[in-house]
Amino acid sequence: MHTEDSGAAAWRAMLLAHDAALRAIDADLDRAGHLPLTWYDVLLELRGAESGRLRMQDLGERVVLSRTRVSRLVDEMARAGLVEKVRDEQDRRVHWATITDAGRGRLAQTAPAYQAGIDAHFGSHLSEKEKQLLATVLTKVHHAHQRLTLSPPSSRR
């Protein structure tokens, strides 16, 4: 197999594994009456942010599972009382998303089932050495893209 072919094969395998594990975890959470993964992802980012809030633009850049529809997702979550969406008083173009106490509670309720899903649908299929290797190589790719994003366009050539 050529290097080009092995790169494409690795990429495809990663995408297929990601999709299969996410679907299985999301189905488990749904059956148990927990939050959908997309909501969990948003709440996790908000909980980890200073003062539990992020500008909508920043939230859109940080979430992993639902980038393309963050605004609509936050609106749905606000209707459910898990987040608040507030316009910035100084810059009316900016909206903030803030996790509520109810959102923190639902996140805490869902976390054990989410972790169990990761273990059952992902981790259980890998040895400890494979998990460590996978974490290392995927982190390497992620960091390479962070450096590209942070570097000025003229230096990327």
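Roughly how many Å² of residue 89 are accessible to a 1.4 Å probe, to the nearest 10?
130
Cross-link candidates for residue 131: which aspartates and glutamates have Cα within less than 17 Å, leaving aside residues fewer than 8 places away along the same chain?
Counting by Cα, and skipping residues close in sequence, residue 131 has these aspartates and glutamates nearby: 119.
With everything on Cα atoms, drop me the angle between helix 37-48 and the longest principal axis of the chain, reported from 0 to 90° to the nearest 10.
Roughly 70 degrees, rounded to the nearest 10.
With label points built 7 Å along Cα→Cβ from the Cα atoms of residue 95 and residue 57, find their separation and express it in nm.
1.5
Under 5 Å between amide hydrogens, which residues at least 5 positions from residue 94 or on another chain qualify, with H placed 1.01 Å from N in the peptide plane?
Here the answer is 88, since their amide H atoms fall under 5 Å of that of residue 94.
Determine the shape class of the range 1-105: with a ≥ b ≥ c the square roots of the Cα gyration tensor eigenvalues, call it rounded for a/c under 1.5, and otherwise prolate if a/b is greater than b/c, oblate otherwise.
Verdict is oblate for the range 1-105.
The values are calculated or read from the model by the stated rules, or taken from the named source; none is laboratory data. If you're wondering where the values come from, they're calculated on a predicted model, not measured in any experiment. Methodologically, a virtual Cβ is constructed for each residue, glycine included, from the backbone with ideal geometry; neighbour enumeration extends over all protein chains shown. When the accessible area is computed, the model is the full protein with side chains, heavy atoms only, and any ligands, DNA or RNA have been set aside. Shrake-Rupley method; radii C 1.70, N 1.55, O 1.52, S 1.80 Å.
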